[in-house]
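What follows is a single structure, written as structure tokens, with notes after it.
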Amino acid sequence: MNGNIPWNNKLDLAHFKNTTVKNSLLMGRKTFDSIGMVLQDRVNIVLTRNIPTARPGMPNLIYEQDITQAIDNAEMRGYGNLYIIGGGEIFRQTIELGDELIITHFPFVSEGDTFFPKIDSAIWEEYKEVKYPEFHVSHYLKRN
Ligand SMILES: NC(=O)c1ccc[n+]([C@@H]2O[C@H](COP(=O)([O-])OP(=O)(O)OC[C@H]3O[C@@H](n4cnc5c(N)ncnc54)[C@H](OP(=O)(O)O)[C@@H]3O)[C@@H](O)[C@H]2O)c1
């Protein structure tokens, strides 16, 4: 809440890093602000309607104004897999566009002001579950 994630789990952060490293990230400007830095060894693509002036010395930080254009550009420029990492506004606009969902599930209910959209089981099928001591990660593919 207020820009913070309501849990802090090192294994979940390691899973996030291992999954996304050497690839690219697409995120909303508010998520970028809440992270507070460019994540290394990944192309960081930030969606905003007000592109700021270039930040020198940050070759792996790119601003985009249009979601579809951002996805097309990432593919065209060979940025590897594109992982959409939030926040809620961006998830709502892109959940239909992805091929796969990789979702961490914690076994508790938490307060929050930003949410991932409901995963529609008519559209998404869980094909893999990886268990960790305090959470599990579900992988979903789009049904044909
Ligand atoms: N794992 C997690 O728990 C997780 C993951 C990610 C984020 N979060 C949390 O989510 C919160 C932020 O989520 P949020 O939903 O408030 O914001 P957000 O989705 O991160 O960012 C919203 C911003 O993205 C830009 N934007 C949205 N749609 C756009 C479009 N169609 N074209 C161009 N730009 C667009 C706008 O930026 P401008 O205002 O600059 O125009 C908008 O204000 C943070 O608190 C973060 O900590 C949590």
Set Lys and Arg Cβ to +1 and Asp and Glu Cβ to -1, take the dipole of region 10-142 about its Cα centre, and tell me which of PRO107, TYR63, VAL137 lies farthest positive. TYR63
Which residue fluctuates the most in the chain, going by a Gaussian network model with Cα springs under 10 Å, if the choices are TYR127, TYR79, TYR63? TYR127
Treating the angle as unsigned and between 0 and 90°, give the value, to the nearest 10°, between the Cα long axis of helix 67-76 and the longest Cα principal axis of the chain. 80
Give me the percent of the accessible area of the chain that comes from carbon and sulfur atoms, probe 1.4 Å, all protein chains in place. 51
On average, how much accessible surface per residue is there in the chain, in Å², for a 1.4 Å probe, leaving out ligands, DNA and RNA? 67
Estimated vicinal HN-Hα couplings, Hz - region 127-136 in sequence order (Karplus 6.51, -1.76, 1.60; Gly, Pro = x): 10, 8, 10, 10, 8, 10, x, 10, 6, 9
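If you average 1/r over all unlike Cα pairs in the chain and invert the result, what Kirkwood radius do you get in angstrom?
Answer for the chain: a Kirkwood hydrodynamic radius of 16.3 Å.
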Show the residues, 5+ positions off or on another chain, whose built amide H is closer than 5 Å to the amide H of TYR132. VAL137
Report relative contact order for the chain in percent, whole number only (criteria: Cα-Cα under 8 Å, sequence separation at least 6). 22
Charge dipole magnitude, Cβ of K and R +1, D and E -1 - region 81-120, Cα centre, debye nearest 20: 40
quick shape note, region 21-101: Cα extents on principal axes in Å, largest first -> 34, 24, 20
Residue-averaged 222 nm ellipticity for the chain, from DSSP H runs of 4+ at -39500 (n - 2.57), nearest 500: -7000 deg cm²/dmol
Using only Cα atoms, find the angle between the long axis of helix 10-20 and the longest principal axis of the chain, and express it within 0 to 90 degrees, rounded to the nearest 10. 60
Can you give the accessible area of THR104, probe radius 1.4 Å, in Å² rounded to 10? 40
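The values are calculated or read from the model by the stated rules, or taken from the named source; none is laboratory data. All values reported here derive from a predicted model rather than from experimental measurement. Here the Cβ is made from the backbone with ideal geometry for all residues, glycine too, and neighbour counts use every protein chain on show. To get the accessible areas, we keep the full protein, side chains included, count just its heavy atoms, and leave off ligands, DNA and RNA. Shrake-Rupley method; radii C 1.70, N 1.55, O 1.52, S 1.80 Å.
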